[in-house]
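Quick note: the coordinates plus some simple rules give every number you see, no bench work behind them. Note that the structure is a prediction, hence the values are computed from the model and not measured. Every residue, glycine as well, gets a Cβ built from its backbone with ideal geometry; the counts of neighbours run over all protein chains shown.
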Amino acid sequence: MGSGPSKSVDSKANRLARWRSTGIVALRDSKLKTFPHEVLDLDTAVRTVDITCNGIVHVPEDISKLCNMQRLILADNHIECLPTSLGELQSLKVIILDGNRIAGLPDEVGQLVRLEQLLVSWNSLTCLPETLGSLKNLKLLNVSNNQLKCLPESIGNCSSLEELQANDNSIEDLPQSVCNLIHLKSLALNNNRLRQVSSYNSWLQTWRHFCFVL
């Protein structure tokens, strides 16, 4: 009769031990409403956090304790904003936040100097921070299905950018700095309000491998 609580404790202990040994926290479809604090207690052991398809609204400030985390996957939750402490996660290479309710990215995202992929589609973004231009290693940026009217001029400083997806926004003009993106292979801008695409013809012809989708 007393085996129930003991079994539950053992299960939690085993789960924490597994996370610590593998560095992978996988909690997809776990019906979570809050970010699990036991994950934060693992601090430097964590490499990947995947809490996709839950009901999380708030990302705690002390997520910065996960200083060795390389992949943060929080897609399909109810997140409305991100903590400024996100910028302290200097090991991050991948952030996936698709399908939330995020209205803006903190300026501190520009401190994530190792970031290679930033996916924030299907949110409520109205603008992107100019600090985005500090992401010199960024290769993929997906901001489709938001409420963006423009892209920051600093986007041209993302010198490693290969793929920019910004479909289904309200973008009217592209910043001239996109011409500096010499490694760009794909620019997707379906369902926007672009007015002067012709002004980029010479740039598009320079990179014949380039895929430009309107």
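Add +1 for every Lys or Arg and -1 for every Asp or Glu among the other residues with Cβ under 12 Å from the Cβ of residue 116, and state the total.
Numbers: positive: 71, 93, 114, 136, 139; negative: 162, 163.
Summing Lys and Arg as +1 and Asp and Glu as -1 gives +3.
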Compactness of the range 10-213 as Cα Rg over 2.2 N^0.38 Å, two decimals: 1.09
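Students often get this wrong, so check it: of 33/93; 149/185; 31/185; 65/139; 12/139; 65/185, which have C-alpha atoms separated by over 32 Å? Intermediate values should be presented prior to the final figure.
Numbers: 33/93 26 Å; 149/185 23 Å; 31/185 38 Å; 65/139 26 Å; 12/139 37 Å; 65/185 36 Å.
Violating the 32 Å Cα-Cα cut-off are 31/185; 12/139; 65/185.
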Which value in nm describes the separation of the simple spin-label points at residue 32 and residue 182, placed 7 Å from the Cα toward the beta carbon? 4.3 nm
Considering only C-alpha atoms, what is the centroid distance from the range 31-61 to the range 140-172, in Å? 27 Å
The answer for the net charge of residues other than residue 93 whose Cβ lies under 9 angstrom from its Cβ, with Lys and Arg +1 and Asp and Glu -1, is +1
Residue list for the range 150-166, given a label point 7 angstrom along the Cα-to-Cβ vector of residue 193 and an amide N cut-off under 16 Å: 150-151
Could you give the angle, 0 to 90 degrees to the nearest 10, between helix 3-22's Cα long axis and the longest principal axis of the Cα atoms of the chain? 40 degrees
Cleavage-rule hits, GluC sites (Glu not before Pro), the range 46-108, DSSP coil, Cβ neighbours within 10 Å at most 16: 80
Around residue 104 (Cβ within 15 Å, Cβ-to-Cβ, excluding residue 104; K/R +1, D/E -1) the net charge comes to -2
Rel. contact order, % - alpha carbon contacts under 8 angstrom, at least six apart, the chain: 11 percent
With viscosity set to 1.306 mPa s at 10 °C, what whole-number translational diffusion coefficient in µm²/s follows for the range 59-133 from Stokes-Einstein and a Kirkwood radius over Cα pairs? 130 µm²/s
Between residue 17 and residue 81, Cβ-based FRET efficiency (R0 30 Å, step 0.05) works out to 0.35
